[in-house]
Structures are given as C-alpha cells and as structure tokens.
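Everything on this sheet refers to the single structure shown next.
The values are calculated or read from the model by the stated rules, or taken from the named source; none is laboratory data. Fair warning: this is a prediction, and the values are worked out from it, not measured in the lab. Virtual Cβ from ideal backbone geometry, glycine too; neighbours counted across all protein chains shown. Just the protein is used for accessible areas: all its heavy atoms, side chains included, with ligands, DNA and RNA removed. Shrake-Rupley method; radii C 1.70, N 1.55, O 1.52, S 1.80 Å.
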Amino acid sequence: MTLWIGIDVSKASLAVCLLPQAQQLSLPNTADGHARLRALLADRPVGNVLLEATGGYERPLMRALAVAGIPVTRINPRRARAFADAMGKTAKT
C-alpha cells in the first residue's frame, strides 16, 4: 500500500501524518529525527512526502529525504490555504 505523508515542520519538531493509515507521530526536527523518519519509511512504498515552506526549517529534512530517494515536495503555505478555502475547509493548513 502506497504511503502519502504530510509533515508540519517547525523549528523544534515534525508533526507527521501517514495516510491511508492516519498514523500520526511527532519527531524532533534534528538529524536524529530525520534519521528516525527515514528508517520508518525504509522499504515502504512512498507516493510523496508533502511539507510546507517554513522559512528554511524544512530544508535539512528535504535534503535528508531526497538523499534517501524518498519523493518530497515543498509547497507554499499561502497556496495550500487557498486550496483549502476553495474546497470549503476552514481548518488550519
């Protein structure tokens, strides 16, 4: 089963949601946290990892995932908000 992953990136932590299982976890936004995420995803089919641009806090994670061969996409938070509005969603991005 293909995994689709969304990550809310902050300076200190990563809030990770894996779909379709709706599994949620929190990891530190450090090299150790990035390694733990890569280990969790190893040998599992990943469709894409989606994360918002957060002023550069996402860059080391993007690099770590890309080097591991995991597809990753960074999106503009303003566009994500506009998409949610268009879908009638009032929740935070």
Looking at the range 23-35, can you tell me whether even one residue there is in a helix (DSSP H, G or I), open to solvent by 50 Å² or more (accessible area, probe 1.4 Å), at pLDDT 95 or above and not polar (S, T, N, Q)? yes
Give the residues of the range 1-21 that are closer than 25 Å to Asn76 by Cβ and either β-branched (Val, Ile, Thr) or without any contact (Cβ under 8 Å) to a residue 24 or more places away in the chain (or both), sorted by residue number. Thr2, Ile5, Ile7, Val9, Ala12, Ser13, Ala15, Val16, Cys17, Leu18, Leu19
Checking Arg38 against (1) loosely packed, with under 10 Cβ neighbours inside 10 Å; (2) in contact with a helix residue (DSSP H, G or I) (Cβ under 9 Å, 6 or more places away or on another chain), only one condition comes out false. Which one? (1)
In the range 41-71, the residues that are touching a Pro at 6+ places or on another chain (Cβ under 6 Å) and either more than 15 Å from Leu19 (Cβ to Cβ) or surrounded by 17 or more Cβ atoms within 10 Å (Cβ to Cβ) (or both): Glu52
Would it be correct to say that Leu14 is modelled with pLDDT under 95, touching a Gly at 6+ places or on another chain (Cβ under 8 Å) and in a strand (DSSP E or B)? no
